[in-house]
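**Q** Before we start, here is the structure in question, set down as structure tokens.
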Amino acid sequence: MMDAVGDVQRVLVLGGTSEIGLAVLRRLAGRRRPAAVLAGRPTDRLDAVAAELRAEGHDVDLVHFDAEDRRTWAPAVEKAFAGGDVDVVVVAFGILGDAERAWQDPDDAAALATVNYTAPVTMGVDVAARLRTQGHGALVVLSSVAGQRPRRSNFAYGSTKAGLDAFYTGLREALRPEGIRVVVVRPGFVRTKMTQGMPAAPLAVDADRVAEAAVSGLRSGREVVWAPPPMRYVAFVLRLLPAPLFRRLPV
Amino acid sequence: MAPVTSTRRLLAGWGQTSPTVAEFVAATSESDVRATVEDAGPRGVLARGLGRSYGDSAQNGGGTVLDMTGLSRILSIDATTGEVTAEAGVSLDTLVRVLLPLGLFVPVLPGTRQVTLGGAIAADIHGKNHHVEGSFGNHVAAMDLLLADGSVRSLTPQTEPELFWATVGGMGLTGVVLRATLVAKPVESAYFLVDTERTRDLDDLMARLQANDDEYTYSVAWIDLVARGASTGRAVLTRGWSARADQLPRRLRSRPLHFAPRTRLTAPALFPSGLLNKATIAAFNEAFYRRAPREERGAVQGIGQFFHPLDAVANWNRVYGPRGFLQYQFVMPFGAEDAMRTAVERLSAAGTASFLAVLKRFGPGNPGLLSFPTPGWTLALDIPVTPELGRLLDDLDDLVLSAGGRLYLAKDSRTTAEALHRMYPRIDEWRRVRDRVDPHRVFTSDQAKRLSL
Ligand SMILES: Cc1cc2nc3c(=O)[nH]c(=O)nc-3n(C[C@H](O)[C@H](O)[C@H](O)COP(=O)(O)OP(=O)(O)OC[C@H]3O[C@@H](n4cnc5c(N)ncnc54)[C@H](O)[C@@H]3O)c2cc1C
């Protein structure tokens, strides 16, 4: 359970090597060392992250799943909760994909939709059931400003985030009466490995800034968090622009 | 037997900080309690009284919570010995009202009368008379405890000392107290003779308490934590005795045991939300300090005025707004006055908007294995939750630990299992007793999970 000042005891990161997911975990930890459950593909990178967190003093459990393989989703959630109550679940996995292939190659489109939408939604359903059973908990979901008004340049990705965002925004309402909180985080351009080599967009932030916003939102009871905060106004304006104008924006 | 019905309910402590959902069962009989305990699912069951513990002591997320307030009958009163037997859900408020006309008084009263007999035992609560009369458990002659297997054990400190003293202060984790016998104390009136002193600072306060506290039955000091610099820790010290009938002014003498608390206002009317901030608190504290006489002897005060100045305002916990607040209470042993001073300085320097803090001298503790009071100084204060608070209190925990002190479970909502276990050296003994009567942890709470009790 999240205590009176917002400290937690056990955190599940779906997407255990995600830079933003780990930054959220570290921000949540503060000076304490909550237990961490890292869920991800069984890679060297996942083991290295686990070793790093253990060196910092966390108890770490590893749970393996592959966002492209549906058969691994439910067992991963089950295993993550078998070790005890989870106070916060961070849904942090996702891919950018190849924007041009994603709207021309059906396999690419399907993979992007599966990893970014079907998997987090399916696992979210399982997670929600378990949080209801334990009577407490919170979800932090990494959405994206890209889902607010998908652009020509990466609309397949944007569409998955739009769907994800809509699902978790609705889930938030469904879980509200049960005292379970869902915080939807909408970052703009985040400088991470995933975006390495891409030209940084205006208002770019790093993973820790996103985590800081997410955790302060979680602790103060906010439901939607933008990173950086002015992103909300940018998104608001972008949504209102008529298509001919929007089309000509250099973003 | 009819199945006991339950509803899913979001439950929190008095500070409103970490609500969780549980199956809520309003028990009205022993068989309701037994059926609920026997039906408990994997997430266990917990008794709840009036929910006046501040943190997560009286909640059990995902499990079952037994509302005990429906078991509130007074079963017998022996006016000569003062022995009162009642069901555990009765409030101390009811007991005070029923006992006073008989010339009896509840032996230990906390800062609110709105707590149950069961909650008073489970937290082994203390009052203003701890330094001379001890905590609640010292005045319990017997109790019936329903165990995890559904059986009922009658406990007295003589016949079952282990389980008795594991249950006193045991935060509901050994079983459900069904009924208990309390030894009330004789009084001649419903009034108190009160001496009030204003102290310059903390040292002045502690010196006065050391000098002659034991001459008074009741003693407590209200510290103004907003005051800084030379007046850090300035306080209003109020101490007194239960008044004899012949000490009352004429107009009260005809009905010395009369007790009629005023109707309660609700908090929102007094404090529109958002009104509570550093400026209003500073003004409140200043007024409280200035209004108190510099020195006054033998003033006659009623129970409400003397014990429960805040009870006149129902739901005053809401004034802190939707983010809730917590109470931080610790005790440090005699000899740790420097650490005490450091704690007060840190709290006032941090500028956490807080109403008055309460400081008191504790007398000897009792055999309760998890009982909070130990000889020394205790400080309690309400603090609204702010983002920096966790860190400030973690640091204070370290200070309390290094001074050999401890935190109070009935107030805690945020410390760590590691710190708490170090603060309670007899916790392993307590766990052995608990494991014997409840090996499968049928009784559990959010706090028990958080602190690995
Ligand atoms: C304004 C205010 C002032 C206070 N002042 C003081 C003070 O001066 N001194 C002090 O010591 N405390 C003080 N308290 C704390 C309060 O006295 C304790 O938290 C007390 O335990 C509350 O009783 P309750 O009936 O509300 O119990 P709850 O808060 O409902 O429960 C507290 C604990 O008791 C257990 N419990 C309740 N009923 C039973 C039962 N029948 N069998 C087994 N376990 C049971 C619960 O499981 C839980 O662990 C104060 C609280 C407030 C709000």
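**Q** Which condition does B:Ser57 not pass, out of (1) touching a helix residue (DSSP H, G or I) at 6+ places or on another chain (Cβ under 7 Å); (2) more than 9 Å from the ligand (Cβ to nearest atom); (3) polar (S, T, N, Q); (4) modelled with pLDDT of 95 or more, if it passes all the others?
**A** Status for B:Ser57: all satisfied but (2).
**Q** Can you tell me which residue among A:Arg10, A:Arg41 is within 14 Å of chain B (Cβ to nearest Cβ), closer than 24 Å to A:Phe65 by Cα and open to solvent by 10 Å² or more (accessible area, probe 1.4 Å)?
**A** The conditions single out A:Arg10.
**Q** Further question: Restricting to region B:1-13, what's the tally of residues that are open to solvent by 30 Å² or more (accessible area, probe 1.4 Å) and within 11 Å of chain A (Cβ to nearest Cβ)?
**A** The qualifying residues number 3.
**Q** So which residues in region B:17-43 are more than 9 Å from chain A (Cβ to nearest Cβ), away from the ligand (no atom under 11 Å from the Cβ) and under 25 Å from the mean Cα position of the chain (by Cα), if there are any at all?
**A** B:Phe24, B:Val25, B:Ala26, B:Thr28 - these are the residues of region B:17-43 that are more than 9 Å from chain A (Cβ to nearest Cβ), away from the ligand (no atom under 11 Å from the Cβ) and under 25 Å from the mean Cα position of the chain (by Cα).
**Q** Tell me the residue from A:Tyr168, A:Tyr157, A:Tyr117 that is of a type in the set (Ser, Thr, Tyr) and open to solvent by 50 Å² or more (accessible area, probe 1.4 Å), please.
**A** It is A:Tyr117.
Residue-by-condition table, conditions (1) in a strand (DSSP E or B); (2) more than 23 Å from A:Phe167 (Cα to Cα); (3) open to solvent by 40 Å² or more (accessible area, probe 1.4 Å); (4) within 14 Å of chain B (Cβ to nearest Cβ):
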| site | (1), (2), (3), (4) |
| --- | --- |
| A:Leu46 | no, yes, no, no |
| A:Val77 | no, no, no, no |
| A:Glu100 | no, yes, yes, no |
| A:Leu112 | no, no, no, no |
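**Q** Looking at A:Val145, A:Val224, A:Val205, which one is of a type in the set (A, V, I, L, M, F, W, C) and closer than 18 Å to A:Leu22 by Cα?
**A** The unique qualifying residue is A:Val205.
**Q** How many residues does region B:145-196 hold that are part of a helix (DSSP H, G or I) and open to solvent by 10 Å² or more (accessible area, probe 1.4 Å)?
**A** Matching residues across region B:145-196 total 3.
**Q** Shifting gears a bit: All but one of (1) without any contact (Cβ under 8 Å) to a residue 24 or more places away in the chain; (2) within 14 Å of chain A (Cβ to nearest Cβ) hold for B:Ser151, so report the exception by its number.
**A** Failed condition: (2).
**Q** Could you list all residues from region A:128-170 that are within 14 Å of another protein chain (Cβ to nearest Cβ) and assigned to a helix (DSSP H, G or I)?
**A** Of everything in region A:128-170, those that are within 14 Å of another protein chain (Cβ to nearest Cβ) and assigned to a helix (DSSP H, G or I) turn out to be A:Ala128, A:Ala129, A:Arg130, A:Leu131, A:Arg132, A:Thr133, A:Gln134.
**Q** Would you confirm, using the coordinates I've provided, whether B:Gly55 is at positive phi and open to solvent by less than 50 Å² (accessible area, probe 1.4 Å)?
**A** No.
**Q** To continue, here is another question. Exactly one of (1) open to solvent by 30 Å² or more (accessible area, probe 1.4 Å); (2) touching a residue at least 40 places away in the same chain (Cβ under 8 Å); (3) outside any helix (DSSP H, G or I) is unmet by B:Ser452. Its number?
**A** With respect to (1) open to solvent by 30 Å² or more (accessible area, probe 1.4 Å); (2) touching a residue at least 40 places away in the same chain (Cβ under 8 Å); (3) outside any helix (DSSP H, G or I), B:Ser452 is out only on (2).
**Q** Another one. For region B:336-448, which helices (runs of 4 or more DSSP H) that fit wholly inside it have 2 or more residues that are within 16 Å of the ligand (Cβ to nearest atom), within 30 Å of B:Pro42 (Cα to Cα) and among the β-branched types (Val, Ile, Thr)?
**A** In region B:336-448, the matching helices (runs of 4 or more DSSP H) lie at B:427-437.
**Q** Here's a follow-up. Just the residues that are within 14 Å of chain B (Cβ to nearest Cβ) and free of Cβ contacts under 8 Å to residues at least 12 places away in the same chain, please, taken from region A:194-225.
**A** Scanning region A:194-225 gives A:Ser216, A:Ser220.
**Q** To continue, here is another question. Would you be able to say whether some residue in region A:16-27 is among the small types (Gly, Ala, Ser), open to solvent by less than 50 Å² (accessible area, probe 1.4 Å) and without any contact (Cβ under 8 Å) to a residue 40 or more places away in the chain?
**A** Scanning region A:16-27, I find no residue that is among the small types (Gly, Ala, Ser), open to solvent by less than 50 Å² (accessible area, probe 1.4 Å) and without any contact (Cβ under 8 Å) to a residue 40 or more places away in the chain, so the answer is no.
Yes/no matrix, rows are residues, columns are (1) within 14 Å of another protein chain (Cβ to nearest Cβ); (2) farther than 22 Å from B:Lys411 by Cβ; (3) within 8 Å of the ligand (Cβ to nearest atom):
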site	(1), (2), (3)
B:Thr94	no, yes, no
B:Arg97	no, yes, no
B:Pro101	no, yes, no
B:Leu104	no, yes, no
B:Pro110	no, no, yes
B:Val115	no, no, yes
B:Gly118	no, no, yes
B:Ala123	no, no, yes
B:His130	no, no, no
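**Q** Only one of B:Gly63, B:Gly51 is more than 9 Å from the ligand (Cβ to nearest atom) and touching a Gly at 6+ places or on another chain (Cβ under 8 Å); which?
**A** B:Gly63
**Q** Among (1) surrounded by fewer than 16 Cβ atoms within 10 Å (Cβ to Cβ); (2) under 30 Å from B:Leu451 (Cβ atoms); (3) touching a residue at least 40 places away in the same chain (Cβ under 8 Å), where does A:Asp85 come up short?
**A** Status for A:Asp85: all satisfied but (1).
**Q** Touching a residue at least 24 places away in the same chain (Cβ under 8 Å) and either away from the ligand (no atom under 11 Å from the Cβ) or open to solvent by 10 Å² or more (accessible area, probe 1.4 Å) (or both): does that describe B:Ala88?
**A** The answer is no for B:Ala88.
The values are calculated or read from the model by the stated rules, or taken from the named source; none is laboratory data. Since the model is a prediction, treat every value here as computed from it, not as a measurement. Positions of Cβ are generated from backbone atoms using ideal geometry, with glycine treated the same way; all protein chains shown enter the neighbour counts. Side chains included, ligands, DNA and RNA excluded: accessible areas come from the protein's heavy atoms. Shrake-Rupley method; radii C 1.70, N 1.55, O 1.52, S 1.80 Å.
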